[in-house]
Amino acid sequence: MDDLVVIGAGPYGLSIAAHAAAAGLGVRLLGRPMASWRDHMPDGMYLKSEPWSSNLSAPDGRHTLADYCATLGMTAEHGTPLPIGTFSAYGMWFARQAAPEVEEVTVLEVTPQGDGFRVRTAEGPPLLARAVALAVGVMPFVRHPGALADLPPAHYSHSSGHRDLSRFAGREVAVLGAGQAALETAALLAEQGALPCLVARRSRLNWNTVPQPLDRPPMRALRDPHSGLGTGWRSWVWSELPWAVRRLPAPTRERIAATALGPAGAWWLRDRFERRVPVLLGHRLHRAVAVGERTRLGLTTRAGESVVLDTAHVIAATGFAPELARLELLDAGLRAALETVGGSGAPELSPGFESSWPGLFFAGLLTAPSFGPSMRFVHGAGFTAGRLVRGVRKRLGARGPRPGSPGVARPGRAASPGPVPGVPPGHPKTYLR
């Protein structure tokens, strides 16, 4: 029986496994490395966050994005967008350098068994684990507008369902949403010869401003501090104090998770988008009907007027819903037994990311209603990994040690936290443990 099985090999899963291995736990890491980034984001996309705030977390502070870029003879610069392909390659490099071997298997079911768990995969015999960490990314939580439910599958898709947008060249595409995914998808469609139109309920689009320089006068830096989630004190709190967010009342945490850091486009995308993409703002989708091979959308303006939009395809860039009910690989009885954060449908978690079911831990999007919006971003992996592994060790210690648990840490990998390369001197603390 393994001490810990980590399910998911994206930024959170890789970081957790790296910390667990260095702590001497017997850990198995299951999943396709960086799957969401490699398989579900179109060519031409860029990382929205700054490179120095996009590190995966190793317990010694090494193997950063800047370290990886240095191996290629390039620099990950503040204020310069980084291609998604480079970030995906960084994750693969991190997996080789800092994490246990990734087992590319498909997990079908996680069920309780005795004092632990049984993990059934499509590729081999089931695994037994004393603890399980679910770091499954965002794909189980894809959200489509209800109005699209009656359309044939070929008529609509989610923005996360496209690796290549060139197949839409010459075709009209309605893109639903007002966040970065919607705006960048629409811009890429236009640049690849499609005819996109953005449809959004919001009356105006929000755009992030050009990031301030890292080297600024002290008073200016104090008034508007940098953080892993952007500039300003509010962003700094969400970025650097997830532990404090968790101490707030559940309704407050729900509201923060749902509203903080709302939809906005990256500053570097604005010109590309506005030059090429028409928009219908303040329009709410209420009906969608297939008419032959085309789709007819019924929209309503804020004034109550009806508008009909005829298009060849609909792409919903409408985000993800962090709800346990969507996590079908988790045993239904176990899911139903978990305590949740108010009415959010997300698990209530301990300071160590443990759910109300002993030994079952969560990471990533599902933890946002407990720890705040940083859990929606790569930056949150640094805070999560060390704390979750300490939670696992506490849980296993409460059950008593398992004889002969050798861990799988690679030689020469220290377990103590260190400085974060690539983060400017004087920058607010970045959590590694």
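The values are calculated or read from the model by the stated rules, or taken from the named source; none is laboratory data. The structure displayed is predicted, hence computed values, not measured ones. Quick reminder, even Gly has a Cβ in these numbers, built from the backbone with ideal geometry, and neighbours come from all protein chains shown. These accessible areas exclude ligands, DNA and RNA; they are computed on the full protein's heavy atoms, side chains included. Shrake-Rupley method; radii C 1.70, N 1.55, O 1.52, S 1.80 Å.
Averaged per residue, the chain has 43 square angstrom of accessible surface, using a 1.4 angstrom probe with ligands and nucleic acids left out. Counted over the range 26-146, the DSSP beta bridges are approximately 85% antiparallel.
Taking square-rooted eigenvalues a ≥ b ≥ c of the alpha carbon gyration tensor, is the range 212-273 rounded, prolate or oblate, where a/c under 1.5 means rounded and, failing that, a/b exceeding b/c means prolate? It is oblate, given that a/c is not under 1.5 and a/b is not larger than b/c.
Beta bridges assigned by DSSP with both partners in the chain are antiparallel in approximately 50 percent of cases. Here the gap between ALA303 and LEU72, fully extended at 0.36 nm per residue and compared with their Cα-Cα distance, gives a gain of 77.7 nm.
Count Lys and Arg as plus one, Asp and Glu as minus one, and take only other residues whose Cβ is under 11 Å from that of ALA76; the net charge is then -3. Considering only alpha-carbon pairs that sit under 8 angstrom and 6 or more positions apart, the relative contact order computed for the chain is 24 percent. The local environment of TRP267, defined by Cβ-Cβ distances under 13 Å, has a net charge of -1 under the rule Lys, Arg +1 and Asp, Glu -1.
Along its first, second and third principal axes, ordered by size, the chain spans 68, 55, 43 Å in Cα coordinates.
The helix-based estimate of mean residue ellipticity at 222 nm for the chain, built from -39,500 (n - 2.57) per DSSP H run of four or more residues and divided by its residue count, is -7500 deg cm²/dmol to the nearest 500. Under the classification rounded if a/c is under 1.5, otherwise prolate if a/b is larger than b/c and oblate if not, where does the range 266-352 fall, given a ≥ b ≥ c as square roots of the Cα gyration tensor eigenvalues? Here the range 266-352 falls in the prolate category. Averaging Cα coordinates gives a centre for the range 268-341 and one for the range 1-23; these two points are 33 Å apart. Under the shape rule built on the C-alpha gyration tensor, where the axes satisfy a ≥ b ≥ c, the range 89-227 is oblate, since a/c reaches at least 1.5 while a/b does not exceed b/c.
Of the GluC sites (Glu not before Pro) in the range 330-383, the ones in a loop by DSSP (not H, G, I, E or B) with at most 16 other beta carbons within 10 Å are GLU339.
Taking packing as the residue-averaged number of other Cβ atoms within 10 angstrom, the listed peptides 66-78, 365-377 run from highest to lowest as 365-377, 66-78.
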